[in-house]
Structures are given as structure tokens and as C-alpha cells.
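To start, the structure under review is shown below, and the notes come after it.
Bear in mind these aren't lab numbers, they're just calculated from the coordinates by the rules spelled out. Bear in mind the structure is a predicted one, so any value in this text is a computation, not a measurement. All Cβ positions, even for glycine, are placed from backbone atoms using ideal geometry, and neighbour counts span all protein chains on display.
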Amino acid sequence: MVWKRGGLVAQVRTHSASRVALLHLDATQPVVLEGPAAAIWELIDGQRTQQSILAELEANFEDQAGQMQAQVEGFLASLEAQRLIEAVRGDSL
């Protein structure tokens, strides 16, 4: 699956992009992402597949517990539930 950032999402990030604050314009509370979560946000570009995002994370972060895939899937589902990301439809590829 390919993910893209939601169209109604405002973001503010630090210069290093290691921390980003997100706000869906219909929400009342921002979401602050740091570390690996901010890295995932930076990889969501509407072109990378979920597997390519995971592969890049595995190359940059240790997965000692072997839980990275499940954690990334859960995190992406959480972002989708908050309407911060959405799936790219087949005709948009």
C-alpha cells in the first residue's frame, strides 16, 4: 500500500526534521512525532510503498525485538485513523 499525507494537515517541524507537530484542520489537538515516528512521517510521500518505508527504517534503526513491521503497521493505522494520512488510490499512481 502507498500512503500520502492528508490534504487538511498542517505541519511544523524542527530544522533537523527529528520532531514534527501535525494538526488535522478539523481536530482540536496536535500530534507531536519524534525520532522514528518523525522519520516515518518524512517517508510518507505518496510514492513509497509501505514495504519500502519499512525497508528504509530497518536500514536506519535497529529492530532487536523483531517488532518493527508490526509497530510500523500499527503506527500507520493510527495516522490513518486520525486522518493525517490516506491511502493512494490505484488511479493516482
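Taking a ≥ b ≥ c as the square roots of the eigenvalues of the Cα gyration tensor, the chain is classed as oblate, since a/c reaches at least 1.5 and a/b does not exceed b/c. Shown here for the range 1-88: trypsin sites (Lys or Arg not before Pro) in loop regions (DSSP other than H, G, I, E, B) with at most 15 other Cβ atoms within 10 Å, namely Arg83. Applying a DSSP loop filter and a limit of 14 other Cβ atoms within 10 Å to the chymotrypsin sites (Phe, Trp or Tyr not before Pro) in the range 16-93 leaves Phe61. Potential lengthening of the chain between Asp63 and Arg89 amounts to 6.3 nm, from the contour at 0.36 nm per residue minus the alpha-carbon distance.
You can think of it this way: the chain between Glu34 and Gln51 has 4.0 nm of extra reach, that is 0.36 nm per residue less the Cα-Cα gap.
For the range 60-82, the residues whose amide N sits under 15 Å from a probe point set 7 Å from the Cα of Met1 along the beta carbon direction are 69-82. The relative contact order of the chain comes to 37 percent, based on Cα pairs under 8 Å that sit 6 or more residues apart.
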